[in-house]
Each structure stands twice: as C-alpha cells, then as structure tokens.
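Chemist: Encoded as structure tokens, here's the structure I'll be asking about.
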Amino acid sequence: MGAGGPRRGAGPPDGGWGWVVLGACFVVTGFAYGFPKAVSVFFQELKRDFGAGYSDTAWVSSIMLAMLYGTGPLSSILVTRFGCRPVMLAGGLLASAGMILASFASRLLELYLTAGVLTGLGLALNFQPSLIMLGLYFERRRPLANGLAAAGSPVFLSMLSPLGQLLGERFGWRGGFLLFGGLLLHCCACGAVMRPPPGPPPRRDPSPHGGPARRRRLLDVTVCTDRAFVVYVVTKFLMALGLFVPAILLVNYAKDAGVPDAEAAFLLSIVGFVDIVARPACGALAGLGRLRPHVPYLFSLALLANGLTDLISARARSYGTLVAFCIAFGLSYGMVGALQFEVLMATVGAPRFPSALGLVLLVEAVAVLIGPPSAGRLVDALKNYEIIFYLAGSEVALAGVFMAVTTYCCLRCSKDISSGLSAEGGTSDPEDVEAERDSEPMPASTEEPGSLEALEVLSPRAGSPEQEPEEEGVPELDHESMGGHEARGQKA
C-alpha cells in the first residue's frame, strides 16, 4: 500500500496545465462538500413556509449527501464510457437546474427531487471525475495536490454559509436557491478545463482469437479482490460512522454546556480555519520522500488522533476546553481529509482508481446514513452528548488502529510471498511484488476499440518483450476519451 515514487518515462506532467486542473478540483470539492451544509441556513424559512419540522427540511441536505456518495459507481461507469469533461459539464448543468427548479417548489417532495436528487447527482458527477483527472496530472506532487484540492471544502463552507444567510435575508429562500443555482454553473467552467494530459496515443490489442477486441468492463469490480483495497473500504466505513458526528453536534453541545449562542456558533468557524491550514500542510508533509511510502500509517495516525480527541473532550464543559477541542479536532480532521484519497490512489493505482473511488463512495454513503442519524436519535433519547462523543471517538479510533494493523499484516504477507518467490528464482523485492499486485491492469483481451473512454492502460504482459519493468502499470491516456468526444483532434 506504499505510495512509491514517481515512475520514469511517460507519465503525469506534475505541473503545467495540471495547476489549472487543480484549481478546478479545488472549486468542485468546495461545492461538493460545502454546498449540502450551506443549504441548511434556509431551513428556518422552509419550516415556516411548508409548516414542516426540522427533520423534514433536513432531508434536503441528507438526500443531497446520499446522492453525492451513493452514485459513485454510476459516476465511475459514465466517466469510463464518456470521459471526464462531458460528465462534468452534464453534472454542472444538473446541479444548477436542480437548485433553479427548487426555487419554484410548492411542496417538500418537490424540494427532495430537485435540490436533493438533481443537485446531489450533479455534484457527484463533478466531484469524482475531478479527482480522477487530478490523479492523471500529478504523480510526484500528488499528495500536495490532493491536500490543496481538499482545502476547497472548508474554504467554500466558510463562504457559502454567510452568503446563503445574506441571500436569504434579502431575497428569501426562493431567491437564494435561484442565485445558488446560477453559482453552480461554475462547475461547468471547471469541467471545461479538464482536457486530457499529454501522452502517447493508446495501443489497442486485438483479441487473441483474431477477431475484434472484447469490451472492457465499465466498472472494474475485480478491485474488490485486492486485500489492500478491502482494508481501505472497511476503514472508511468505520471512519464515516463517527467522523462527522462531533461537528454536527458541536454547537448544540456547547449550548447545552451553557455557552452563549454566538460563541457556540463561532466554534465551527475555529474548526474551519484550522482545517483550511491543515489540509495543504498535511499534503505537503505526505509528499516528502521519507514519508510518502508510509502514507497509510500517516492516515491511520490522523484517524487515531481524531478519535482520541473526541474521547478526551467528551466531558469538556468550559468554553476554553471547547476551543482547545476545536483546534485539535480541526487539525486531525484536516489531516484525514487531505490523505484519504491519496491513500486510495496509492493503494489501487491510476488505472483502477475510477472504479475503486465509486465503490468507496457507495460504502461511505451507507455509513453516513447510519452514523449521524443514529447519533441524533441517541441524543433525543438519552439527553446526553457525552455518550455520543465516546461512541464516535471509539469508531474513528478503531478505524485508525484497524488500518495500521492490517496494512502491516498485508506488507508482512507480501514479504513472505516474495521470500518464497526468491527461493524459487523469482523476484526478491517485496515492494515490486506489491506494486505489481496493486497496479496490475485489465487484460488486453478485454478491451475493444472505443469502449474505454477514460483510461487506456497497457498491460506489460500484452506488450513487447522489450518493455522495461519500471514502466509497469503506467496509464496511457486516450486524448479523445479523457477530454470527451469534443476534444477530438485537440493536442494537449
């Protein structure tokens, strides 16, 4: 599961137009994570106009988040079939149309279908392709790029919430939704810059039977046979059960402890400010030569620190201790946000990353629909926030311990396998064995010309005998597919 170093030969440019792609990914990540939370500033008006309760109006954000995470496999299939650029353009239009149509809603059900389903689906179709494209442009500087892109979440959340409050006061919730819909059209601009990185044209091998090559899978579920990927999925599930709970309950917990409303609301701002600094800083730290091969352990440490912060601060009652909790929580939360996708990219490699990301987001959607709602019900039943903090902290800390222990066991298993191969005259480098396992692409016989529209990967086993071993697993990029069919003939 080590990240490894940059590959020699043709590969990601690690700069150039990649910085433009990084800026677009920053914006898309900010919208994807910040927008569902920012919409909550309109809930009071929605409750008044529709005569509904808080839980009824909160379903708008919940459905939006469920669509963002739960449609991961669908997004992977569309990216593989049509490419990143057209999927992101369509996603931007859907997200904008959802908010614009929601401004004309006369029932909560219409809000669920427009602002919830349509906008959530549009954000999902932007978020996942942007991460895929970012991984194609960066290799050596990828941890830093992931950290900078992840910083879009706290930055946009700190801007969208006050903006939503201002729009609601001036134009009402309908005018605010309408203007938010126009703001989401920026996702289309971000999709437009997602042109394919430079690279050699893809080589398509015919079927071994002499006929046309067969179609490659649109969703590569064989990634689930990778032990390192299974470890990551279980870790993400445990993490998502408790990671978001303290931030959701923090303000009410502070008010319950006797903190004034204004000071209680400022606690979330402290978390956001620390988060903004922590994400790019952690990304730069993870990119250091000595640390990059051990990024999974750094991710485990961040999870463990976040869980312990929840456990230690469960009995915090004074404002000073709550501020200290917010600083520690924001730091560890930012580290988790900066490293989570870097670990996944390092685990499965660029060829299988689209399918792996879709499956991970689906699992995370299930956990998000279980964890925070269950915590809310426990608070209502027990009238006690301490137990919730203990429970959430235990889940996140368990995720960190599980990640560290199982990663170590996987590496030990790889060393045992490599020792056996060495005794039989095979390779003697355990990292080579693991890299070959993690980056092994689909067999060439499963590809058909025109079927793979996102990534074209050459299997070393299908190539010429003279192919150098250090270039195994390097993706060759289809210029037309990654930029969409309208990029045909364009030189990257």
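The values are calculated or read from the model by the stated rules, or taken from the named source; none is laboratory data. No experiment lies behind these values; they were computed from the predicted model shown. In this analysis, Cβ positions are derived from the backbone assuming ideal geometry, glycine residues included, and neighbour counts consider all displayed protein chains. For the accessible areas, the whole protein counts, side chains as well, though only heavy atoms, and no ligand, DNA or RNA atoms are used. Shrake-Rupley method; radii C 1.70, N 1.55, O 1.52, S 1.80 Å.
Chemist: Under the condition of being out of contact with any Phe, Trp or Tyr (no Cβ under 8 Å at 6 or more places or on another chain), over 24 Å from residue 373 (Cα atoms) and in contact (Cβ under 8 Å) with a residue 60 or more places away in the chain, which residue from region 223-248 is most open to solvent (accessible area, probe 1.4 Å)?
Modeler: Restricting to residues being out of contact with any Phe, Trp or Tyr (no Cβ under 8 Å at 6 or more places or on another chain), over 24 Å from residue 373 (Cα atoms) and in contact (Cβ under 8 Å) with a residue 60 or more places away in the chain, the top hit is 227.
Chemist: Going through region 345-364 one residue at a time, which ones are open to solvent by less than 10 Å² (accessible area, probe 1.4 Å) and more than 24 Å from residue 82 (Cα to Cα)?
Modeler: Correct list: 347, 364.
Chemist: Output the qualifying pairs, or none if there are none: Cβ atoms under 8 angstrom, residues six or more apart or on different chains, first residue in region 363-380 and part of a helix (DSSP H, G or I), second residue open to solvent by 20 Å² or more (accessible area, probe 1.4 Å) and of a type in the set (Phe, Trp, Tyr).
Modeler: Going by the 8 Å Cβ cut-off, the qualifying pairs are 363/237; 364/237; 366/237; 367/237; 368/244; 371/244; 372/244; 379/385.
Chemist: Here is a follow-up. List, please: which pairs have Cβ atoms under 6 Å, are six or more places apart or on different chains, and start with a residue in region 52-79 that is on the phi > 0 side of the Ramachandran plot and end with one that is in a loop (DSSP other than H, G, I, E, B) and open to solvent by less than 20 Å² (accessible area, probe 1.4 Å)?
Modeler: That search, which allows pairs on different chains as well, returns nothing.
Chemist: For region 256-275, what are the residues that are part of a helix (DSSP H, G or I), under 15 Å from residue 318 (Cα atoms) and not aliphatic (A, V, I, L, M)?
Modeler: Correct list: 256, 261, 263, 266.
Chemist: State the number of residues belonging to region 57-89 that are in contact with a helix residue (DSSP H, G or I) (Cβ under 6 Å, 6 or more places away or on another chain), open to solvent by 30 Å² or more (accessible area, probe 1.4 Å) and closer than 21 Å to residue 186 by Cα.
Modeler: Counting residues in region 57-89 that are in contact with a helix residue (DSSP H, G or I) (Cβ under 6 Å, 6 or more places away or on another chain), open to solvent by 30 Å² or more (accessible area, probe 1.4 Å) and closer than 21 Å to residue 186 by Cα gives 4.
Chemist: Do you know which residues across region 119-140 are out of contact with any Leu (no Cβ under 8 Å at 6 or more places or on another chain) and either at pLDDT below 90 or among the hydrophobic types (A, V, I, L, M, F, W, C) (or both)?
Modeler: 133, 135, 139, 140
Chemist: Might you check whether a residue that is among the basic types (Lys, Arg) and open to solvent by less than 50 Å² (accessible area, probe 1.4 Å) occurs anywhere in region 46-55?
Modeler: The answer is no, given that none of the residues of region 46-55 is among the basic types (Lys, Arg) and open to solvent by less than 50 Å² (accessible area, probe 1.4 Å).
Chemist: Something else: Determine whether residue 414 is at pLDDT below 80, small (Gly, Ala, Ser) and not in a helix (DSSP H, G or I).
Modeler: Criteria not met by residue 414.
Chemist: Going through region 268-293 one residue at a time, which ones are over 19 Å from residue 329 (Cα atoms) and surrounded by fewer than 17 Cβ atoms within 10 Å (Cβ to Cβ)?
Modeler: 284, 288, 289, 290, 291, 293, listed by residue number.
Chemist: Do you know which residues across region 1-34 are at pLDDT 85 or above and hydrophobic (A, V, I, L, M, F, W, C)?
Modeler: 17, 19, 20, 21, 22, 24, 25, 26, 27, 28, 31, 32
Chemist: May I pose another question? Collect the residues in region 109-118 that are within 16 Å of residue 45 (Cβ to Cβ) and either surrounded by 24 or more Cβ atoms within 10 Å (Cβ to Cβ) or at pLDDT below 90 (or both), keeping them in residue-number order.
Modeler: Scanning region 109-118 gives 111, 115.
Chemist: Being among the β-branched types (Val, Ile, Thr) and touching a Gly at 6+ places or on another chain (Cβ under 8 Å) narrows it down to one of 259, 336, 251, 274, so name that one.
Modeler: Residue meeting the stated conditions: 274.
Chemist: Quick check on my filter: what residues within region 96-139 are farther than 15 Å from residue 66 by Cβ and small (Gly, Ala, Ser)?
Modeler: Correct list: 96, 97, 102, 103, 105, 106, 130, 135.
Chemist: If you take the residues of region 328-344 that are open to solvent by 10 Å² or more (accessible area, probe 1.4 Å) and in contact (Cβ under 8 Å) with a residue 40 or more places away in the chain, which of them is nearest to residue 284 (Cα to Cα)?
Modeler: Top of the filtered list is 335.
Chemist: Quick one: which residue in 324, 381, 397 is open to solvent by 10 Å² or more (accessible area, probe 1.4 Å) and more than 29 Å from residue 155 (Cα to Cα)?
Modeler: After ruling out the rest, the residue left standing is 381.
Chemist: Evaluate the following for residue 121: is it part of a helix (DSSP H, G or I) and open to solvent by 30 Å² or more (accessible area, probe 1.4 Å)?
Modeler: In short, yes.
Chemist: Can you tell me which of 52, 66, 38 is in the same structural domain as residue 155 (by the TED database) and not in a helix (DSSP H, G or I)?
Modeler: It is 52.
Chemist: Name the pairs: first residue in region 106-120 and without any contact (Cβ under 8 Å) to a residue 40 or more places away in the chain, second residue assigned to a helix (DSSP H, G or I) and open to solvent by 50 Å² or more (accessible area, probe 1.4 Å), Cβ to Cβ under 9 Å, at least 6 apart or on different chains?
Modeler: As it stands, the answer is 110/101; 113/101; 114/100; 114/101; 118/94; 118/101, since those pairs meet every condition given.
Chemist: Which condition number in (1) under 30 Å from residue 80 (Cβ atoms); (2) at pLDDT 90 or above is the one that residue 334 fails?
Modeler: All conditions pass for residue 334, except number (1).
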